[in-house]
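What follows is a set of notes on a single structure, which appears directly below.
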Amino acid sequence: MARGGFPGMGNMGNMMKQMKKVQKQMEELQKQLEQSEVEASVGGGAVTAKANGKKEIISITIDESVVDPEDVEMLQDLVLAAVNEALRKAEELAAKEMNKLTGGMNIPGLF
């Protein structure tokens, strides 16, 4: 029996320590992800979008050769595709880093 006469309480203390350690690691991971950047290009590099690990678009670059007033729709499609791909890569990066931290356990709501 653990101190205090309650069986298993020693394990509870260890579990709480472990949870605090994981929480601290998660906070550090979130800071790292904020500094991380991913990039996606579409249309042979005509449009490039960059996102950070927080899944925020931080820049969009458009090659002037695709700026055609007669075909705005194509440019819109390219921007949309680049942004979606950059966000997908940011999500992938966050999941990969979280997987390292959790050892593959799927913990809903973490990222």
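The values are calculated or read from the model by the stated rules, or taken from the named source; none is laboratory data. Just so we're clear, the structure is a prediction, and the values are computed from it rather than from any experiment. As a convention, Cβ positions derive from the backbone with ideal geometry for all residues, glycine included, and neighbour counts pool all protein chains shown.
One table, with the values for the structure above:
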{"quantity": "Residues located in region 74-83, provided they are over 16 Å from K50 (Cα atoms) and either surrounded by 16 or more Cβ atoms within 10 Å (Cβ to Cβ) or touching a Phe, Trp or Tyr at 6+ places or on another chain (Cβ under 8 Å) (or both)", "calculated": "L75"}
{"quantity": "S41 being over 29 Å from E28 (Cβ atoms), among the hydroxyl-bearing types (S, T, Y) and at pLDDT below 95", "calculated": "no"}
{"quantity": "Of all residues making up region 76-111, the number that are modelled with pLDDT of 95 or more, of a type outside the set (S, T, N, Q) and out of contact with any strand residue (DSSP E or B) (no Cβ under 7 Å at 6 or more places or on another chain)", "calculated": "3"}
{"quantity": "Matching residues in region 45-69 - criterion: being more than 25 Å from the chain's Cα centre (by Cα) and without any contact (Cβ under 8 Å) to a residue 12 or more places away in the chain", "calculated": "E64, V67, D68, P69"}
{"quantity": "S41 vs. criteria assigned to a strand (DSSP E or B), farther than 17 Å from E97 by Cα and either hydroxyl-bearing (S, T, Y) or out of contact with any Cys (no Cβ under 7 Å at 6 or more places or on another chain) (or both)", "calculated": "yes"}
{"quantity": "Matching residues in region 84-102 - criterion: being among the acidic types (D, E) and surrounded by 14 or more Cβ atoms within 10 Å (Cβ to Cβ)", "calculated": "E85, E91, E97"}
{"quantity": "Filtered residue count, region 44-92, keeping only those that are farther than 30 Å from E27 by Cα and of a type outside the set (S, T, Y)", "calculated": "23"}
{"quantity": "Options L78, L101; residue that is in a helix (DSSP H, G or I), of a type in the set (A, V, I, L, M) and within 25 Å of Q18 (Cα to Cα)", "calculated": "L101"}
{"quantity": "Residues of region 47-73 satisfying the condition of being surrounded by 14 or more Cβ atoms within 10 Å (Cβ to Cβ) and assigned to a helix (DSSP H, G or I)", "calculated": "V66"}
